[in-house]
Amino acid sequence: MTHRISGQTGSNAAGYLSRFVITCRGSIIDLISIKQVIAVAPPSDNIGEADKFCGSWIELRRNDGKILYLKRIHDLFDDTIEVITGSQGEELSWVTAPGLERTIAVMVPQIPEADHLAIMTRGQDAKDKGALEIARFPVKM
Amino acid sequence: MGLSDGIVEGSSLLVDHGSPSRRFNLVIVSEGYQTSELGSFADAAQQFVDFLFSTPPFDKIQCAFNIYRIDVSSTESGADDPSACGGDGSVKATRFDASFCNGGIRRLLCVDSLAAIDVVESVVPEWHQVLVIVNSSVYGGSGGNVAVTSTGGSSWKQVAIHEIGHSVFGLADEYPYWAGCSIDTSRNNYTGLEPGYPNVTINTDRDSLKWKDLIDPATPVPTTINPDCSKCDTQANPYPSGTVGLYEGARYYHCGIYRPEYTCMMKDLTGFCSVCRRRISETMSIYLEKCYAPVFRPVPVWLALIVIIILAFIVVILCLISLFSEKIKCLKKRIIFIIRNCIAGNNDPCISL
């Protein structure tokens, strides 16, 4: 299920995108760069349903909070990481590794009314308070 | 270590399907290779490309990709291998500071991702995914938009594709354990929210399943049940390989969460399951427009000359045939004309046409 924004996303034509490079170390999330790229914009994921599921996603918003573009991302913003075990049968597993820095790159369409990019997460506990905004960056550095 | 420990020697377009603004651009970068070893890096990069394009569904959507190789040489060969994790304690001067033992984990091989991104952006500004291949026989790697792998393990190509499954296609892990089946003590039952991933679910209702259209009506839902939620399900696949259904045990839990097939690249590094293949194909479809494959490859001069000579010879033969054909037609007409004149009583055989 995808939500498309006319003329901005979901079109196979190349257009202007912004690539945000972000680093994350524990609870410290830093914006490293925003670069303009001419490329095909992946369509937005369904805006209305993101916070019904656990996981992480990014939201491109207007200054009044209206979401213009949403994309789910795999990265978990905690201290866990997938590692190679080297064992046959269970070649991959997860471990806790506090203090590790990871780098995330996300590309979003350049939409004139966009104001900021927010990183959102929702834990898997059904009794939690819902989606949590863990970082927010202006779309222009 | 760092900038002074290596240089960009050059770059190659390994797979060219046109403008990078229209394609998905995968960039493969070397780390820990000295100049004289860059041939080995080229071999490893080609091995990865060949493996990627032999793995469904990538075999059918090659046209969506441009794949670049950036040859970065390092002052020294290899990667840091701290003795704290059982390594040989070596410290190497390499361009992206590759090191095992990150976070104290033996096989967690990381590089300076921002340094790698700087190099990649200078060559391929439109990059989508970076794969750094580290010159080491020690098995290791890490995931993310800048994925890292050594060539030390027999499964390094599968692990790299598994990690791209996360970072590019948003696929969840389908294996039913966290640290390991024999290690976990708190992974018996998943009781949380529906995960926002296309390839795992807690939903057991056939009619509203994420992948309901891929399940044969004859396949039961759930398809397998873990009989003992205190451990990973060890039962053999009761259905033919490739049967889509609802198999219990996925995304780090033994029970209460399901995967679409018995095996998958996101579970045990085998081929992608049908649901993951569909997700990948859908994601890549936007990069397939106006793609013309195969791309033109330069032809050797000697082969071009032979083709030109053969074509010229064929043209000459056709002209000669055409010429003779006209003369024969003309002669035939003349004979018919003479016969008709004879019949009509005009016996002058020299009468002109």
Consider a paramagnetic label point 7 Å from the Cα of residue B:9 along Cα→Cβ; state which residues of the stretch B:126-144 have an amide N under 13 Å from it. B:135
Counting C-alpha atoms alone, how compact is chain B: give Rg to one decimal and Dmax as a whole number, in angstrom. 32.1, 119
Just to confirm my numbers, what's the Cα centroid distance between the stretch B:297-332 and the stretch B:196-244 in Å? 65 Å
Accessible-area value, residue B:17, 1.4 Å probe, nucleic acids and ligands omitted, Å²: 20 Å²
FRET efficiency for residue B:285 and residue A:29, Cβ-Cβ distance as r, R0 = 22 Å, nearest 0.05? 0.10
Simple SL model, points at 7 angstrom along Cα→Cβ for residue B:50 and residue A:101; separation in nm is 3.7 nm
Just to be sure I understand the model, the point goes 7 Å from the Cα along the line to the Cβ. What's the resulting residue A:134 to residue B:34 distance in nm? 4.2 nm
The stretch B:171-271: relative contact order in percent, alpha carbon pairs under 8 Å with at least 6 residues between: 39 percent
At the level of C-alpha centres, the distance separating the stretch A:42-108 and the stretch B:102-129, in angstrom, is 17 Å
Angle check, please: helix B:301-343 long axis (alpha carbons) against the longest principal axis of chain B (alpha carbons), in degrees 0 to 90, nearest 10. 30 degrees
How high is the FRET efficiency from residue B:306 to residue B:332, r the C-beta distance, R0 60 Å, rounded to 0.05? 0.95
At 4 °C and a viscosity of 1.567 mPa s, what translational diffusion coefficient does Stokes-Einstein give for the protein assembly as shown, taking Rh as the Kirkwood radius over Cα pairs? Give it in µm²/s as a whole number. 51 µm²/s
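Counting other Cβ atoms within 10 Å, keep those with at most 16, restrict to DSSP loop, and tell me which GluC sites (Glu not before Pro) in the stretch A:54-127 are left.
A:113
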Give me the compactness ratio for the stretch B:259-339, meaning the Cα radius of gyration over 2.2 N^0.38 Å. 2.60
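Taking loop as defined by DSSP and a crowding limit of 14 other beta carbons within 10 Å, which trypsin sites (Lys or Arg not before Pro) in the stretch A:54-123 fit?
On the way: sites: A:61, A:62, A:66, A:71, A:72, A:102, A:122; in loops: A:62, A:66.
For trypsin sites (Lys or Arg not before Pro) across the stretch A:54-123 that sit outside H, G, I, E and B with at most 14 neighbouring Cβ atoms in 10 Å, the list reads A:62, A:66.
Using R₀ = 22 Å, calculate the FRET efficiency as 1/(1 + (r/R₀)^6) where r is the Cβ-Cβ separation of residue A:126 and residue A:80; round to 0.05.
Working: r = 20 Å, r/R0 = 0.92.
The pair residue A:126/residue A:80 has a calculated efficiency of 0.60.
The values are calculated or read from the model by the stated rules, or taken from the named source; none is laboratory data. Fair warning: this is a prediction, and the values are worked out from it, not measured in the lab. Every residue, glycine among them, receives a Cβ derived from its backbone with ideal geometry; neighbour counts consider all protein chains shown. All accessible areas refer to the heavy atoms of the entire protein, side chains included, with ligands and DNA or RNA removed. Shrake-Rupley method; radii C 1.70, N 1.55, O 1.52, S 1.80 Å.
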